[in-house]
Amino acid sequence: MEAVYKVYPHNPPHYFVSNAMYMVTGAILRNQHIINENRKKEFVLQVLFERSELLGWNIEAWAILHNHYHFIAQAPEHADTLTKLIKQIHSVTAIQMNKWDGTPGRQVWFNYWDSCITDEKSYLARLHYIHLNPVKHGLIDNAIDYPYCSYRWFVERVDDNLKKQIFNQAVDQANVFDDF
C-alpha cells in the first residue's frame, strides 16, 4: 500500500493512501446557499459520480446540501488524485452554477477537507453521519425522502446486518467538520 503525505500552503495537510477509504467535505464560500435548487444538487451529484469514475474513486455514500457536500469513497491506487478530483468537481460545478445564476467569475467553493478513514468504527459512524446529514441540517424529516443523499440507495441495496451495524453506530463519534 503506497502512502503519500503532502502539505499545501494555507491548507491542511493531506495523507494519501492507496485503496484507503476517505471522507471528503466541500464547502461553499461564506456558507452561502448557492446549491439552492434541485437542478444544482443534481448537477453536483452528476459531476461527483462522473469525475470519480474517471479517476477511479469508488463512491460509497454522499450528501449534497445547500452550502456543502460530504462523500465517502475508496481511493484508487493513486490516492493523490483526490486533489484533482476535487478541483474538477469544484471547477465544473462553479462554472455551471454561475451560468445559471448569471454571475460569471463568482467564487463558489471555499475549500475541502478530507480524512483517511483508518478504522471500522470510524467508517461506520461516518456512513451513518452522511446518510442522516440532510436531517441534521433540517432539510427533511426522513433521509429516505431526500434524493441528494445516499440513504435510500443504501437501504435498498445493503444487507440487514450491515445496516444494523451502521445505524447502531453513534454519529457523535464521527468527528466530522460540519459547521454549516
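Every number here is computed from the coordinates shown, using simple stated rules; none is lab data. Please read all numbers here as calculations on a predicted model, not as lab measurements. Cβ coordinates were reconstructed from backbone atoms using ideal geometry, including for glycine residues, and neighbour counts include every protein chain displayed.
Structure values in brief
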| read-out | value |
| --- | --- |
| Hits among aspartates and glutamates - C-alpha to C-alpha of residue 41 under 17 Å, sequence gap 8 or more where chains match | 50, 101, 145 |
| Charge-dipole axis of the chain as Lys and Arg at +1 and Asp and Glu at -1 on Cβ define it, positive-most pick from 128, 73, 96 | 96 |
| Estimated distance in nm for a label pair at residue 20 and residue 160, the labels positioned 7 Å out from Cα along Cα-to-Cβ | 3.6 |
| Built amide H within the under 5 Å cut-off of residue 17, gap 5+ | 4 |
| All lysines inside 23 Å of residue 121 as judged from Cα atoms, apart from same-chain residues fewer than 8 positions distant | 136, 163, 164 |
| Extended-chain gain in nm, criterion 0.36 nm per residue less alpha-carbon gap, residue 167 and residue 55 | 37.3 nm |
| Cut-off under 5 Å, modelled amide H: who pairs with residue 61 long-range | 72 |
